[in-house]
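The values are calculated or read from the model by the stated rules, or taken from the named source; none is laboratory data. Every value quoted in this text rests on a predicted model; they were computed, and no experiment measured them. Cβ: placed from backbone, ideal geometry, glycine included. Neighbour counts: every protein chain shown. The accessibility values were calculated without ligands, DNA or RNA, using every heavy atom of the protein model including side chains. Shrake-Rupley method; radii C 1.70, N 1.55, O 1.52, S 1.80 Å.
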Amino acid sequence: MTAPYNPGLLEALQMRYARGAARMLIGGEWVEAQSGETFETINPSTGELIANVASAGEADVDRAVAAARAAFEGPWAKVKPDERTRLLLKLADLIEANADELALLETLDVGRPIQFSRMIDVQGAIGQLRYNAGWASKIMGETAEISAPGEWLSYVLREPVGVCAQIVPWNFPLVMAVGKLAPALAAGCTVVLKPAEQTPLSTLKLGELVLEAGIPEGVVNIVTGYGRTAGAALAAHPDVNKIAFTGSTVTGRAIIDAAKTNFKRVQLELGGKSPTYIFADADLSKAIPAAAMGIFFNAGQVCAAGSRLFVHESVADQVLEGVSTMARGLKVGQTLEADTMIGPLVSATQLDRVTGYIASGREEGAQVFVGGGTIGDKGYFVQPTVLLDTKPDMRVRKEEIFGPVLCAMRFSDAEDLDALAGRGNETEFGLSASIYTQNISTAHKLARRLKAGTIRINGSGGVDPSLPLGGYKASGWGRENGKAGIEAYTELKSVSVAL
Ligand code: ADP
């Protein structure tokens, strides 16, 4: 069997980070923070330091926004759509050529098992670029016949929205950075990208590849730093035209407040508490592993995680047994081992948060059916966990835990689809939902009744650069991906000519 990673590469990275703090990318230059401050990024599998990284403050954010502004008003505005396509495709090829390093960085920094870093992060980033590259030359305005007296030519232009701040969370740093960057660049915008302070390394490598691809300086700027400093400065910045954010609902609210200063456009992909339904007639050989991986994959650190399971009483024992067997059997462990399925949580803070939720569930009367504890004394590992006997008003049932913790509930034939949808819709969130049944009417009727941005029926895929992604209610504003995703990086301008 070939090694799941290249040990020589790991050593080279360790030597590089030992030489000094990683710098950030502003106006095509690799720079330290003006304050000279740095922060540490930690390997969550071991709790050990990986690297020190420049910690951006307001002055650095100002410089980055100025660089993005200069590029937007200057050279980037002259780059034709087909050239933007070429540059994005070139960046995709470079990511492919650097897949080993990017996957390794993601695994070290996020704590994602190496097999998934390749499959999800690297492949996902390449897919985003190749999809969005094609859009650069397909952004179309419209013409309109207006009703004013006389003869008119009226048309609607779609122009790039301008300088975009893009703030990314720590669960899927590379694919989310690229998923934000690609449509922005395709539409002709420039960006200041801020990775999460827990996971800056793959984004900095992406910056190197952006320069190597020949994307002009200042078009992509990367500021590394804390949310409360660098992130807040971006959200409030008067010269940023749009902010795109993925992260917690609490931070989403703070961003809305900060964005009010100059009415910058706001796009938010926030939390979820997504339901999975398994009906009596479901193909359980598919539904059981999907329900388990829907919450245990990435240690539950997925905004669209299926954290609430509604299962028909006639198959409930079988489903719970199957999900629990997976919970006990999935290999939780060191992320550089080829067969590890579940890694640690990203940080000590998240470990405290998730174990705190499990404790609160116990206190409020939930039964821990499987799991419920932490694993080992090094790194931030928590057992895949299933809770029974939860009530809608318990914190574990209504709040986003962001850990491998499933609340499982039964339903009976006494509940019609309206009642079932009501249970699914009972939280403040509306990001996604999954439905397992062989009855196509049941599946489509329930899909219509659920207030969720993404619905999956009898399968766990359904996230693709071509499909709008985002949420109802407190799960966000707007959609990323697809045509809606590219249009979200444009402004409309109506022009009327009296002929
Ligand atoms: P978590 O609480 O799990 O760290 P967040 O939603 O707060 O999740 O973090 C997601 C991203 O938002 C990170 O890049 C973080 O640095 C950034 N962030 C956090 N707080 C703010 C803020 N007040 N303004 C802007 N960005 C922020």
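With bins 5 Å wide starting at 0, give me the P(r) of segment 82-237 over every alpha carbon pair, in whole percents.
2, 10, 18, 20, 17, 12, 8, 4, 3, 3, 2, 1, 0, 0
Subtracting the Cα-Cα distance from 0.36 nm times the residue separation, let me have the gained length for LEU153 to VAL495 in nm, one decimal.
Result for the pair: 122.3 nm of gain on full extension.
May I ask for the Rg/Rh ratio of segment 1-146, computed from Cα atoms with Rh as the Kirkwood radius, given to two decimals? Intermediate results must be reported in sequence, preceding the final value.
Values: Rg = 19.4 Å, Rh = 18.2 Å.
Reported Rg/Rh (Cα atoms, Kirkwood Rh): 1.06.
Calculate what fraction, in whole %, of the accessible area of segment 376-496 sits on carbon and sulfur atoms when a 1.4 Å probe is rolled over the protein chains. Write down the numbers at each step before the final one.
Working: 2670 of 5500 Å².
Carbon and sulfur: 49 percent of the exposed surface of segment 376-496.
What full-extension length gain, to one decimal in nm, is calculated for ARG353 and TRP30 as 0.36 nm per residue of separation minus the Cα-Cα distance? Show your work: numbers first, answer last.
Numbers: separation 323, 0.36 × 323 = 116.28 nm, distance 3.51 nm.
Additional length available on full extension: 112.8 nm.
Quick one: with all protein chains in place, what share of the accessible area of segment 21-145 is carbon or sulfur, to the nearest percent (1.4 Å probe)?
Details: 2660 of 5330 Å².
On segment 21-145, the fraction of accessible area on carbon and sulfur atoms equals 50 percent.
Within segment 376-450, list the trypsin sites (Lys or Arg not before Pro) lying in a DSSP loop whose Cβ has at most 16 other Cβ atoms in a 10 Å radius.
On the way: sites: LYS378, ARG395, ARG397, LYS398, ARG410, ARG423, LYS445, ARG448, ARG449; in loops: LYS378.
Here the sparse-neighbourhood loop sites are LYS378.
For segment 240-309, what % of the accessible area comes from carbon and sulfur atoms, probe 1.4 Å? Present the calculation step by step, with values, prior to reporting the outcome.
Details: 1360 of 2140 Å².
The value for segment 240-309 is 64 percent carbon and sulfur by accessible area.
Keeping all protein chains in place, calculate the accessible area per residue for segment 112-268 (probe 1.4 angstrom), answer in Å². All intermediate terms of the calculation are to be shown ahead of the outcome.
Working: 5470 Å² over 157 residues.
Accessible area per residue, segment 112-268: 35 Å².
If the viscosity is 1.567 mPa s and the temperature 4 °C, what translational diffusion coefficient in µm²/s does Stokes-Einstein give for segment 210-302 when Rh comes from Kirkwood over Cα pairs? Intermediate results must be reported in sequence, preceding the final value.
On the way: Rh = 16.7 Å.
In µm²/s, the coefficient rounds to 78.
Can you flag which of LYS331/LYS378; LYS286/LYS398; LYS273/LYS451; LYS451/LYS483; LYS90/LYS194; LYS180/LYS493 are past 18 Å Cα-Cα?
Numbers: LYS331/LYS378 16 Å; LYS286/LYS398 26 Å; LYS273/LYS451 12 Å; LYS451/LYS483 21 Å; LYS90/LYS194 22 Å; LYS180/LYS493 23 Å.
Check vs 18 Å cut-off fails for LYS286/LYS398; LYS451/LYS483; LYS90/LYS194; LYS180/LYS493.
Tell me the Kirkwood radius of segment 365-436: reciprocal of the mean inverse pair distance over distinct alpha-carbon atoms, in Å. Provide the component values of the computation, followed by the final result.
Details: mean 1/r = 0.0711 Å⁻¹.
By the Kirkwood definition, the hydrodynamic radius is 14.1 Å.
Where only protein heavy atoms count, and the probe is 1.4 Å, what is the accessible area per residue for segment 391-499 in Å²?
Numbers: 5160 Å² over 109 residues.
Per-residue value: 47 Å².
Need one number: nm distance between label points at LYS473 and LYS286, each 7 Å from Cα along Cα→Cβ, rounded to one decimal.
2.7
Which length gain, in nm to one decimal place, applies between LEU211 and LYS391 when the Cα-Cα distance is subtracted from 0.36 nm times their residue separation? Write out the running numbers ahead of the final one.
Numbers: separation 180, 0.36 × 180 = 64.80 nm, distance 5.22 nm.
Difference between extended and current length: 59.6 nm.
Can you give me the Cα centroid spacing of segment 1-51 and segment 439-499 in angstrom?
Each part reduced to its Cα centre gives a spacing of 36 Å.
Leaving out ligands and nucleic acids, note down the accessible area per residue over segment 6-86 with a 1.4 angstrom probe, in whole Å². Numbers along the way, then the final one.
Values: 4170 Å² over 81 residues.
Dividing the accessible area of segment 6-86 by its residue count gives 52 Å².
For the chain, divide the Cα radius of gyration by the Kirkwood radius and give the resulting Rg/Rh value with two decimals.
Numbers: Rg = 23.3 Å, Rh = 23.6 Å.
Rg/Rh for the chain comes to 0.99.
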